[in-house]
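J.: Once you've had a glance at the structure underneath, I'll fire off some questions.
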Amino acid sequence: MPTQSSSNVTTMRWSNGALEMIDQRVLPARFEYLAYDSAAAMAEGIRSMVVRGAPAIGCAAAYGVALEALRLEKSSPEAFRSGMEKGFEILAGSRPTAINLFWALARMRRIWDAAGNAANAVVSARLLEEAHEILAEDIRINRAMGAAGAALLADGARVLTHCNAGALATAGWGTALGVIRSAVEAGKKISVIADETRPFLQGARLTAWEMVQENIPVTLITDNMAGHLMAHGEVNAVVVGTDRVAANGDVANKIGTYMVAVLARRHNIPFYVACPLSTIDRNIASGADIPIEERAAEEVMGFRETQWAAQGVNIRNPAFDVTPAELVTGLITEKGVVLAPDREKVAALFD
Ligand code: MRU
């Protein structure tokens, strides 16, 4: 069984033959788990953002594959094979930007392939074991990134983050918030400035909640306040997560990250990206080729039942943007910090 992250948030857990996940759509008003028992249900959970954040999406997709195999265990070999192929397909179509989704599916497919003609029950047991391993590994990686990144933050630092790259976005501990947790664990006094992160409010609803759970001082701002705080010397460093890093070090992350990176450069504030190697897509040359998810207009027109925009207005809702590598002070990985990332340095991480 997977290890615990030792942060106070268990984003997903295996229980009674199903994967239970915190419903991140309703936090912080309600804290509840939803149970998933098939690839189709899991794909819907990912699409509708019950679970979100690149590493967490990867873990959830891995469990989606394992759950599908368990569900089809009693089927004929032919029905098992076609059902599994369908499961992979529906999971791959759930969200386009986070590479961890496709990374996890490729890893699960290798396990299935390696099982050859083994009985369905043997295949499903191996797939479940691999999903548990992906989850446990993610926590170990976050811990390693945390240790590497904590050294970059000075005692007393005020750290701005965008979106939620915390325990909720991973199997536990977090990437960007993992760096902050590790710095706090090392005895540093760190305070967090959380961008609210329009339109889905991951910063206001999730990052602020996570930090409050852990008694890490957190101040919530709207996205358009970051420049003002930077100009007044109230931000010492920026740490964000990422959904996909191209081979040249360009970084796709939650919409608004690019704006923060430009502001950070303008004010000589270091801009760090916490990035597990599973988030690096070496098949994509630059950020220009990263697929950017466009989400529903309703997210911009209002929130839940409140609508503030006029019916009939044109809406754009790209969910991610790309920060060019030249604006990135360093990538924080489980293999250490890569300062001023470029194609050669990114490639060297895989040597
Ligand atoms: O749309 P989301 O909430 O899935 O977007 C999440 C982010 O942009 C995170 O910053 C990123 O996935 C890194 S999570 C460790």
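The values are calculated or read from the model by the stated rules, or taken from the named source; none is laboratory data. In this text the structure is predicted, and so the values were computed from the model without any measurement. For neighbour counting, all protein chains shown are included, and Cβ atoms are generated from backbone atoms with ideal geometry for every residue, glycine included. Note: accessible area is taken over every heavy atom of the protein model, side chains too, but ligands, DNA and RNA are not part of it. Shrake-Rupley method; radii C 1.70, N 1.55, O 1.52, S 1.80 Å.
J.: What is the residue count in segment 140-169 for residues that are surrounded by fewer than 24 Cβ atoms within 10 Å (Cβ to Cβ) and either at pLDDT below 95 or within 13 Å of the ligand (Cβ to nearest atom) (or both)?
T.: The number of residues fulfilling the criteria is 1.
J.: Report whether or not Pro96 is outside the structural domain of Ala176 (by TED's automatic domain parsing), surrounded by fewer than 24 Cβ atoms within 10 Å (Cβ to Cβ), in contact (Cβ under 8 Å) with a residue 12 or more places away in the chain and over 16 Å from Leu128 (Cα atoms).
T.: On the way: outside the structural domain of Ala176 (by TED's automatic domain parsing): yes; surrounded by fewer than 24 Cβ atoms within 10 Å (Cβ to Cβ): yes; in contact (Cβ under 8 Å) with a residue 12 or more places away in the chain: yes; over 16 Å from Leu128 (Cα atoms): yes.
In short, yes.
J.: Using the structure shown, decide if Glu326 is free of Cβ contacts under 8 Å to residues at least 24 places away in the same chain and open to solvent by 50 Å² or more (accessible area, probe 1.4 Å). Before you say what the answer is, go through the steps one by one.
T.: Details: free of Cβ contacts under 8 Å to residues at least 24 places away in the same chain: yes; open to solvent by 50 Å² or more (accessible area, probe 1.4 Å): yes.
Yes.
J.: Another one. Right, Ala18: among the aliphatic types (A, V, I, L, M) and open to solvent by 50 Å² or more (accessible area, probe 1.4 Å) or not?
T.: So Ala18 does not fit the description; no.
J.: Still on this structure, please answer the following. I'd like the full set of residues that are within 16 Å of the ligand (Cβ to nearest atom), of a type in the set (Gly, Ala, Ser) and either under 11 Å from Arg244 (Cα atoms) or not in a helix (DSSP H, G or I) (or both), limited to segment 255-291.
T.: Gly256, Ala274, Ser278, Gly287
J.: Run Leu177 past the list (1) on the phi < 0 side of the Ramachandran plot; (2) of a type outside the set (Ser, Thr, Tyr); (3) in contact (Cβ under 8 Å) with a residue 12 or more places away in the chain; (4) out of contact with any strand residue (DSSP E or B) (no Cβ under 9 Å at 6 or more places or on another chain) and report the number of the one that doesn't hold.
T.: Among (1) on the phi < 0 side of the Ramachandran plot; (2) of a type outside the set (Ser, Thr, Tyr); (3) in contact (Cβ under 8 Å) with a residue 12 or more places away in the chain; (4) out of contact with any strand residue (DSSP E or B) (no Cβ under 9 Å at 6 or more places or on another chain), Leu177 violates only (4).
J.: Are any of the residues in segment 63-71 under 19 Å from the mean Cα position of the chain (by Cα), over 17 Å from Trp173 (Cβ atoms) and open to solvent by 40 Å² or more (accessible area, probe 1.4 Å)?
T.: No, because not a single residue in segment 63-71 is under 19 Å from the mean Cα position of the chain (by Cα), over 17 Å from Trp173 (Cβ atoms) and open to solvent by 40 Å² or more (accessible area, probe 1.4 Å).
J.: Which residues, taken from segment 47-57, are within 10 Å of the ligand (Cβ to nearest atom) and either crowded, with 24+ Cβ neighbours inside 10 Å or among the polar types (S, T, N, Q) (or both)? Steps first, please.
T.: In the first step, residues of segment 47-57 are kept if they are within 10 Å of the ligand (Cβ to nearest atom); the result is 49, 51-57.
Within segment 47-57, Val51, Arg52, Gly53, Ala54, Pro55, Ala56, Ile57 meet the criteria.
J.: The conditions are (1) of a type outside the set (Gly, Ala, Ser); (2) in contact with a Lys or Arg (Cβ under 7 Å, 6 or more places away or on another chain); (3) open to solvent by 10 Å² or more (accessible area, probe 1.4 Å), and Arg81 fails exactly one of them. Which is it?
T.: Only one criterion is unmet by Arg81, namely (2).
J.: Then there is this: Which one of the conditions (1) within 16 Å of the ligand (Cβ to nearest atom); (2) among the charged types (D, E, K, R); (3) surrounded by fewer than 18 Cβ atoms within 10 Å (Cβ to Cβ) does Arg205 fail to meet, given that it meets all the rest?
T.: Going through the list (1) within 16 Å of the ligand (Cβ to nearest atom); (2) among the charged types (D, E, K, R); (3) surrounded by fewer than 18 Cβ atoms within 10 Å (Cβ to Cβ), Arg205 breaks only (3).
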